[in-house]
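So the structure is just underneath, and the comments pick up after that.
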Amino acid sequence: MRIALTNPFCWPQVRRGSERLLHDLAAYLHRRGHEVSVITSAPTGTEPEFPPEIETIVWRQRWQALDFGRWTGPGIAFARFCRHTLLHRDFEVVHCLHHFDAYGAALARAAPATKFKLVHQFMGIPVRRYFLPAPHELLMFRTVLKHADHILVLSRYAAFTLERDFAAKATTIPLPVEMASFRNTAKAVPADWPSIVFLGDVGEPRKGALPCAEAFAGLKDSFPDAVLHFCGNAPARDVERIVAAVPPDVRDSIRFHGAVPPSDLPRHLASATVMALPSMWEAFGVVFAEALASGTPVVGCQHGGVPDIVDDSRIGVLVDPGQARGVLQDVDALVEALRTAVALAQDPATEACCRTHAARFGWDRLGPSYEALYEHLLAEGS
């Protein structure tokens, strides 16, 4: 098949879920023998990180001086670029990872000469209030929903919100995870036990760094030698707020490592007793799958896409966030979840159970779902 994958950003400029999927799906489809082209953008002087055998069509970003947030800048310009490119190329399937490029693809397909199948994958959680600050984006997204041949989302919760807020149906395909580096890293006994690892942006409130630290202080009552490691972007103001929120005798047991290079993630997760990320509004929560692939039990929130991953009490614990809007509030429940997860880590059967459970999110399991979808759409004809 001749397949185009599109997204406004790519590695190394941005490293989020959509950029990860753009890179990994392109590589997977190429390995499977398909003719793959990537349509993306990058700053002048920055080269996208794709294998040389994958065609990369790059729009050079020039909007910095005129970027006024969501009203101008990369999204609108990239939509035009996608439309122009797709009008002059012959693809069978165009798979868009953002509504900007999907809108450009929808406009291109309105031309009589273009006959590709359009797949849009919404990489977040589609709620109407996301579009309230930028009504033009809402119009673009509704156009995509109307004209796309198929809509994909990452979790059951995202499918639910799409139907609730937009009366649209979607197919759920979880975000595939490259498992090899995590599976191949031997589980290690941490020097300080138990070792709790928070892997996420400390400065983003919905990730739950503050309640995690407060719950860790409660865990210290049961495990005086416990240590909490924050691995992720940690602005000074957020570090100060977290340190001030816990008792003085707990502060020396909290370590801030800053952003961790991807190559170091397997080591951090393999040496953790528990990976705790009490975040809300996770479209999927790939770090949970990575922790489980490392043999490490997890603690998270019963919200967003995380319950699609952590659906077995033998591998982790989920906390009900209640009616809190955006940030978990029940610290006592989080303390109990951490205690339960530490107990799981002490069970010799847990490591193998976690690794086996994580395998369902590997590329060997989920990659064929994309190929099957493309083949189904092409078999339907025009």
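The values are calculated or read from the model by the stated rules, or taken from the named source; none is laboratory data. Note that the coordinates shown come from a computational prediction; the quantities given were computed from them, not determined experimentally. Counting neighbours? That spans all protein chains shown, and the Cβs are built from the backbone with ideal geometry, glycine included. Note: accessible area is taken over every heavy atom of the protein model, side chains too, but ligands, DNA and RNA are not part of it. Shrake-Rupley method; radii C 1.70, N 1.55, O 1.52, S 1.80 Å.
Brief remarks on what is shown
- Look at the range 228-241: where a residue is over 17 Å from A217 (Cβ atoms) and a partner is in a helix (DSSP H, G or I) and open to solvent by 10 Å² or more (accessible area, probe 1.4 Å), sitting 6+ places away or on another chain with Cβ atoms under 6 Å, you get C231/H268.
- If only residues of the range 150-192 that are touching an Asp or Glu at 6+ places or on another chain (Cβ under 8 Å) and among the charged types (D, E, K, R) are counted, the one that is modelled with the lowest pLDDT is D192.
- Which numbered condition Q302 misses (of (1) crowded, with 20+ Cβ neighbours inside 10 Å; (2) within 27 Å of V227 (Cα to Cα); (3) touching a Pro at 6+ places or on another chain (Cβ under 8 Å)): (1)
- Within the range 341-382, considering residues that are free of Cβ contacts under 8 Å to residues at least 40 places away in the same chain and outside any helix (DSSP H, G or I), the one least open to solvent (accessible area, probe 1.4 Å): G381
- Residue that is surrounded by fewer than 22 Cβ atoms within 10 Å (Cβ to Cβ), modelled with pLDDT of 90 or more and out of contact with any Gly (no Cβ under 9 Å at 6 or more places or on another chain), where the choices are G45, G33, G73: G33
- Condition check for S263: in a helix (DSSP H, G or I) and of a type in the set (S, T, N, Q): yes
- Here A108 meets the list (1) hydrophobic (A, V, I, L, M, F, W, C); (2) more than 13 Å from I39 (Cα to Cα); (3) open to solvent by 20 Å² or more (accessible area, probe 1.4 Å) almost entirely, failing just condition (3).
- Among residues of the range 313-326 being open to solvent by 30 Å² or more (accessible area, probe 1.4 Å) and not aliphatic (A, V, I, L, M), the one that is modelled with the lowest pLDDT is Q323.
- Taken together, the criteria place L292 among residues that are of a type outside the set (G, A, S) and more than 18 Å from G208 (Cβ to Cβ).
- If the condition is being of a type in the set (G, A, S) and either buried (at least 24 other Cβ atoms within 10 Å of the Cβ) or part of a loop (DSSP other than H, G, I, E, B) (or both), then the range 266-299 contributes S271, A272, A276, S279, A283, G285, A289, A291, A293, S294, G295.
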